[in-house]
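Notes follow the structure.
The values are calculated or read from the model by the stated rules, or taken from the named source; none is laboratory data. Predicted, not measured: the structure shown is a model, and the values here were computed from it. Every residue, glycine as well, gets a Cβ built from its backbone with ideal geometry; the counts of neighbours run over all protein chains shown. Heads up: the accessible areas ignore ligands, DNA and RNA and are worked out on the full protein's heavy atoms, side chains in. Shrake-Rupley method; radii C 1.70, N 1.55, O 1.52, S 1.80 Å.
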Amino acid sequence: MSEDHFQRLGRLLDLEAEAEARQARDRWQRLTPAEAERTGNSLVELAILDETGGLGGRCLLTLGKRNRTLALPWTRLQIGSPVQLSAPEGSWRGVVCGRSDATLRVALDEPPDEKEATYRVDLAHDEIARLRQRGALERVRAAKRERLAELRQTLLGEAPPEFVAEVEVEPLDTALNPSQRTAVQFALSARDLAIIHGPPGTGKTTTVIELIRQAIRRGEKVLACAPSNLAVDNLLERLVAVGERAVRLGHPARVLPALQAHTLDLLVDDHDAMRQARKCTKEAFALFRQASKFRRARPEPGERREQRQEARALLAEARRLEAQAVERILNGADVLCATLTGLDAATLGERQFDLAVLDEACQSTEPACWLPLLRCRRVVLAGDHCQLPPTVLSAEAVKQGFGVSLLERLVARYGPTVTRRLAVQYRMHEAIMRFSSDEFYEGDLHADPAVAGHLLRALPGVQANPLTDNPVLFIDTAGAGYDEQLEPEGESRLNVEEGRLVGRKVRALLALGVPADEIAVIAPYAAQVRWLREHIAAPGVEIDSVDGFQGREKEAVVVSLVRSNRDNDIGFLADVRRMNVALTRARRLLLVVGDSATLGVHPFYQRLFAYFESVGAYRSVWEEQDDAT
């Protein structure tokens, strides 16, 4: 029999799990520790610098290089990443809960015994997340004569989405622009599905928060989700700031420290019922110890059995009180916030929601999106399918469409019927925005007057100079011999000469008074990111991959395109959505360095370079060298 949609997704989910497991094996079997560290998924030669308690009784380890003079290298390990901590005597699973240039903080359920050992941390495969997604696919596939079955029909294109008549609502956030108000009003009218399309800098999350607050005012219960912990924390922070009763589900170590007081674990710990539960547990353990203790005098017949029975009854009462605390906290919340795969059936039970909101929905594969859909009457997806797609390791799964998000599939199926696009952006100078607007958004975007003409020279303490007087600059390295190379003993690419030019431009910006923490350097290849971090000695300047800057911004952004070769091979730069992200992170200056001869074979880059010329942003590297002399 041919596969249906959910059987296919389940098979692709398994392919992805196999690819993740294979990558983990490679890190241990095929790669040396140094090579594994260069992938960004591992850190080696670590020592325990500090050990404390917290986060619901968990152990918090601060790890750093055993050679204390070394900083941590570039890594993909982020707050919330599941990791495996290992040493010769064993291994422990944990969660990253903090990061600095020199340290990594990991939360564990129990500490390792040996404090002086040398440790290694590896990104871990989250098997629980896969099993939850698998279960969701099976559940929705089997649904009959219930709301979930109706939603399934709409999301598979078997029944048209329905809307009630739009009713104008008074915005709670009076700063919303007309396109944001229209999107909220439209989403509130959806009976099944609506999509808020938020191009870069258009205030998508602000719009999502307004939607959630309006739904709460209508007496609805809301489930707010996103693929990453950081995106969920962004929602939670904004909801708490405006006084909404929001509770964060999930491991407290995955939550930003300032928001941990709003996690279910810590709220339960502080609940009156939980204090009584801890008292019952303490008494129960005392009875168990008493029943097991050796005594010279023979105990009365049945005395030990009665003590153990009483202890078990006390533990049962403790569990009842804990469940009561959880239930009261969840019932008292108007909105629950969680990652897509952090929705735990054991915690939520049969709880249903009037509305599920999925922010950054384009960054998740489809199976994870069905987890909140099991629990809602209608759904609103928010994101931008013209930016980065979900990260998928399995090439075969990508080939079969696993990298197409639910939002992207629904936009292709229904288009404007279910979608409202935000049109005013509040980040970029108009000249930085214009190419992206024309290329990806049918020219719909408009820069708010507050940002449309802003330049670096207008910042306090910044000197006027061609670097600070122009919003866009492109330095063409064609013909200069700035050839790319494979990283030694690696698979990523770097361009040393281009990196040196980028370093000179960063130093020039700093000399002109641009604050270091308002400068970013973005490169599409991990090897180039590592080289730049090692050779640009400028504390505060942030250097990262395109993926690392999704959803973020800086006043000045320098983009190193890396690719320069005689074969005109541009690799994954052919995924133009990745470049859309890189080109839209800057507020006042976008400076791009690249080889037009190599990249110009692709129509997208042909149009990009033509745009640079049209706005007077084009400069040859030879001009830069003449200026330097």
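Here are the numbers:
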quantity	calculated
Lysines with Cα under 23 Å of residue 279, excluding same-chain neighbours fewer than 8 positions away	293
Solvent-accessible area per residue for the stretch 470-512 (1.4 angstrom probe, square angstrom)	42 Å²
Nearest-0.05 FRET efficiency for residue 45 and residue 14, computed from C-beta distance (R0 45 Å)	0.85
Helical mean residue ellipticity (222 nm; -39500 (n - 2.57) per DSSP H run of 4+; nearest 500) of the chain	-12500 deg cm²/dmol
Hypothetical label at residue 276: residues of the stretch 315-347 whose amide nitrogen lies under 16 Å (7 Å Cα-Cβ projection)	315-329
Cα-based Rg of the stretch 39-124 normalised by 2.2 N^0.38 Å, two decimals	0.96
Placed amide H near residue 543: partners under 5 Å, 5+ positions off or other chain	521
Ranked by how many other beta carbons lie within 10 Å on average, peptides 596-609, 101-114, 249-262, 161-174 from highest	249-262, 596-609, 101-114, 161-174
Accessible surface, the stretch 385-449, averaged per residue in Å² (probe 1.4 Å)	41 Å²
Antiparallel DSSP beta bridges within the chain, percent to nearest 5	40 percent
Solvent-accessible area, 1.4 Å probe, carbon plus sulfur percent, for the chain	49 percent
Ranked packing of 93-99, 389-395, 365-371, most packed first, by mean Cβ within 10 Å	365-371, 93-99, 389-395
Residues of the stretch 116-232: accessible area per residue with a 1.4 Å probe, Å²	43 Å²
Extension gain from residue 167 to residue 153, taking 0.36 nm per residue of separation minus the Cα-Cα distance	2.4 nm
Residue 516-residue 452 FRET efficiency (beta carbon distance; Förster radius 30 Å; 0.05 resolution)	0.70
Packing-based ranking, highest mean first, of 28-35, 317-324 given that Cβ atoms within 10 Å are counted	317-324, 28-35
Cβ-derived FRET efficiency at R0 25 Å, residue 496 paired with residue 572, nearest 0.05	0.80
Cα-based radius of gyration of the stretch 391-500 once divided by 2.2 N^0.38 Å, which approximates compact folds	1.56
Solvent-accessible surface (1.4 angstrom probe) belonging to residue 339, in square angstrom, nearest 10	20 Å²
Accessible-area value, residue 482, 1.4 Å probe, nucleic acids and ligands omitted, Å²	10 Å²
Cα-based Kirkwood hydrodynamic radius, the stretch 1-152, one decimal, Å	17.5 Å
Radius, Kirkwood style, for the chain when every pair of distinct Cα atoms is counted (Å)	26.9 Å
Estimated vicinal HN-Hα couplings, Hz - the stretch 35-51 in sequence order (Karplus 6.51, -1.76, 1.60; Gly, Pro = x)	5, 4, 5, 5, 5, x, 9, 9, 10, 10, 6, 9, 10, 7, 8, 7, 9
Label-point gap, in nm, between residue 191 and residue 115 - each point 7 angstrom along Cα→Cβ	6.5 nm
